[in-house]
Structure formats: structure tokens, C-alpha cells
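Encoded as C-alpha cells, the structure appears first; notes follow it.
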Amino acid sequence: MESVIRGVAVYIFLLIIFRVAGKRTLSQTTTFDLVLLLIISETTQQAMVDDDHSVTNGALLIITLVGMTILLSVLKQRFPKLDLALEGAPLILVDRGKLLRDRMNKCRVDESEILTAARMTQGLAAMDEIEYAILERNGDISIIPKGGK
Amino acid sequence: MTSPHCKVCMEQGLGGPEMEKHGRLEIDENFDHHVRAWRVKRVGWAVMLLLMAGALAGFLGPGPYSRTTARGPGGLHLEYERISRYNAPTHLHLRVPGGKEDLELSVPAEFIKQIDLERIDPEPKEMRLSGDKHTWIFPRQESSSEVMINYRPHGFGKKKIRLEVKDAGALEIQQFFMP
């Protein structure tokens, strides 16, 4: 019983923490964020498994975590507001060539990150080639170049 | 400018988020949601900061607030942690005045069931279980005697512990174990 309770508690806690931390925390793969994810996974494992290293406990935890994922995906489909709360929505950061600095500050995204996304995804060289930049739900920045389809 | 749903969804009778038009961009931005989410995030960060401060101060486990002492009749002195955590190491450090007879320390059997006893210093020369009490007997020093009980609690919540020392009195303390 305890394994299931621990699994559910840790799953919900991580869900809340990563929503509060913000989209960019999940999407970036700098060294800093990689170290953070490694440490979190190690801490999470200890909190869930405790002293019980049996195959049964491991299987129960995996079933609990997968079950939580399935349950949440069903609930998100039934309740669009829950989907919005858990996954968020895309946010325009550059609108028709204009940088929306307030929004960028709120999301902790700066101009260089937008330009990096523009170079990596569209091969664009400068800000004036960007028509729209959108911070997607998964934390990636998508770029729509000017005059593009 | 908003359109109820995307054209394709409307044609196929599907539901979905409301699409907004920004120039030629069609997107389900929902800016009100973002404003609410930023507010919630700020509250979340404040809560995280409070939890960290609370932990440092000892409100969520070992720390300055958690460490405390209890004094009892007959010169009993106990150092312990009033807040600990499930399966985390904690201790009871008891000091009693010296004497000639052996030191007999009793705790409720219920308390022993709720913990994993790791170590007792010094090692008791005898252990007795009678009724609802668990008694350890230690050789006593002439000046003063000290006993350190190291253990890890099972379960969580408020627990009361009564320590009785023969011919010296009793001490009742309360501990809270975080999950």
C-alpha cells in the first residue's frame, strides 16, 4: 500500500514543482539543467523506493506511475481546463516582428534565446527576419519567418 | 480577434480550444490563462522559499527549532528533536545524576514498536520486557550517567514518549514525525 501512496505523492509533487518552475526549466538541456534533472531523479527514486528494493515494489511503483499518466491523460481529454492548467498554452513572444518584452521577462526568455531558436530551426540570421516567435507548451521556441508559409 | 474554433475543427464538428488570430498567425494563446499562471507561479515560488526557510530553521526536521531539552524531577535532563522525519535518524540523549545503584530506564513497548532501534550507548547490561514497558539496565557512574538512544521512526504524526528512570522520576515528551 505504501509504495502506491509514495508513487502517487511523488508524482503529484513533481507535477506541481515543474509547473511552478516554468516551461523553460523543462526544455533546456544546458549542463546546469542536466545536473538538476539527474539529482532530482536520484532523490525521487530514494523517496519512492525507500528500503524496499524488491522486484514487487519496483513493479508496483512503475504501474502506479504509468497509471497516473494514463489517468491524467484521460482527465485532460474530458476536462479541457485541466489540460490547460497542467500543460499550459502557447505564448507569443514576437508578434509581427515586435518583441513583447513584458512577456519575455515573465517567462525568463531573452533575445539571444529567440535568436538561437531562429538559427537552429529556420537558419535565420537576424531578429528582423522573424515574424513570430512562440513559446510552446513544452518550453521550445518556434519561429515563423517573415514572408514564410 | 478570436474565432470560435479552427475552421477544420468546425467543419468536422470537433471541439477544442478557442483560436485567436494575430495577423496571419492562428493560435490558442489564451492570454488570461498566462496571467493567472504567472500569479500562481509567484505564489508557488513564495511557498517554496518559505518551505526552505522553514527547513533551515528546523520546522520541517532537525534544526535550531527542532532541537530542544526537557528537564524532569530528580535531575533528569533529556536532549531530543521535537520534529523529525519518517525513517530519518534521530536520538534521545538522557543525563541522570550519579548514584550507586544501576540505572533502570523504561520506555513504553508501544514506542519500541514504532521505531527501528539503531544503537544504544552505552550498551545495556540487561533488557526486560514486562507488560507494556521495555526496560534497559545500565551500570551507573558516581558523578552522572548518560544514555544515547539512536533510532529511526516508522510512520508519521504526533507521538508521545514517556521515559521513566527508577528512583529519579519520569519525563514525557512529544515528537512529530514528518512523512
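The values are calculated or read from the model by the stated rules, or taken from the named source; none is laboratory data. Being a predicted model, the structure only gives us computed values, none of them experimental. Cβ sites come from the backbone with ideal geometry, for glycine too, and all protein chains shown count toward neighbours.
Within segment B:134-174, which residues are touching a Phe, Trp or Tyr at 6+ places or on another chain (Cβ under 6 Å) and among the polar types (S, T, N, Q)? Correct list: empty. Within segment B:34-62, no residue that is within 13 Å of another protein chain (Cβ to nearest Cβ) sits with its Cβ atom under 8 Å from a residue that is assigned to a loop (DSSP other than H, G, I, E, B) and of a type in the set (Ser, Thr, Tyr) at 6+ positions apart or across chains.
Here segment A:64-95 is the region considered, the condition is being modelled with pLDDT of 90 or more and touching a Phe, Trp or Tyr at 6+ places or on another chain (Cβ under 7 Å), and the residue that is farthest from the other protein chains (Cβ to nearest Cβ) is A:Val94.
Scanning segment A:22-52 for residues that are at pLDDT 80 or above and part of a loop (DSSP other than H, G, I, E, B) gives no hits. On the given criteria, is A:Asp52 over 29 Å from B:Glu18 (Cα atoms) and within 14 Å of another protein chain (Cβ to nearest Cβ)? Yes.
Just to check your reading of the model, which residue among B:Ile112, B:Ile27, B:Ile137 is without any contact (Cβ under 8 Å) to a residue 60 or more places away in the chain and either within 14 Å of another protein chain (Cβ to nearest Cβ) or touching a helix residue (DSSP H, G or I) at 6+ places or on another chain (Cβ under 9 Å) (or both)?
Details: B:Ile112 fails: either within 14 Å of another protein chain (Cβ to nearest Cβ) or touching a helix residue (DSSP H, G or I) at 6+ places or on another chain (Cβ under 9 Å) (or both); B:Ile137 fails: either within 14 Å of another protein chain (Cβ to nearest Cβ) or touching a helix residue (DSSP H, G or I) at 6+ places or on another chain (Cβ under 9 Å) (or both).
None of the others qualify; the one that does is B:Ile27.
Once segment A:111-149 is narrowed to residues that are assigned to a loop (DSSP other than H, G, I, E, B) and among the basic types (Lys, Arg), the residue that is modelled with the highest pLDDT is A:Lys146. I need every pair where a residue in segment A:34-57 that is under 21 Å from B:Pro179 (Cβ atoms) has its Cβ under 9 Å from the Cβ of a residue that is modelled with pLDDT of 80 or more and part of a loop (DSSP other than H, G, I, E, B), sequence separation at least 6 or different chains. Once the first residue is under 21 Å from B:Pro179 (Cβ atoms) and sits in segment A:34-57, its partners that are modelled with pLDDT of 80 or more and part of a loop (DSSP other than H, G, I, E, B) give A:Asp50/B:Tyr86; A:Asp50/B:Asn87; A:Asp51/B:Asn87.
Applying a threshold of 9 Å to beta carbon distances and a minimum spacing of six or more residues, or different chains, the list of pairs starting in segment A:92-118 at a residue that is within 10 Å of A:Leu135 (Cβ to Cβ) and ending at one that is of a type in the set (S, T, N, Q) and not in a helix (DSSP H, G or I) reads A:Glu113/A:Gln28; A:Ala117/A:Ser142.
Which members of segment B:114-126 meet the condition of being part of a strand (DSSP E or B) and either farther than 20 Å from B:Leu171 by Cβ or at pLDDT below 90 (or both)?
Residues of segment B:114-126 that are part of a strand (DSSP E or B), as a first pass: B:115-121, B:126.
Answer for segment B:114-126, where residues must be part of a strand (DSSP E or B) and either farther than 20 Å from B:Leu171 by Cβ or at pLDDT below 90 (or both): B:Asp116, B:Glu118, B:Arg119, B:Glu126.
Of all residues in segment B:89-113, those that are surrounded by 13 or more Cβ atoms within 10 Å (Cβ to Cβ), assigned to a loop (DSSP other than H, G, I, E, B) and modelled with pLDDT under 90 total 2.
Output yes when any residue across segment A:99-108 is closer than 30 Å to A:Tyr11 by Cβ, of a type outside the set (Val, Ile, Thr) and in a helix (DSSP H, G or I), and no when none is. Can you show your working first?
Our first condition is that a residue be closer than 30 Å to A:Tyr11 by Cβ; within segment A:99-108, this holds for A:106-108.
Okay, now just the ones that are also of a type outside the set (Val, Ile, Thr), so A:106-108.
From the residues that got through so far, the ones that are in a helix (DSSP H, G or I) too are A:106-107.
For segment A:99-108, residues closer than 30 Å to A:Tyr11 by Cβ, of a type outside the set (Val, Ile, Thr) and in a helix (DSSP H, G or I): present.
Evaluating A:Lys98 against the criteria (1) closer than 30 Å to A:Gly7 by Cβ; (2) within 11 Å of chain B (Cβ to nearest Cβ) leaves one unmet condition, (1).
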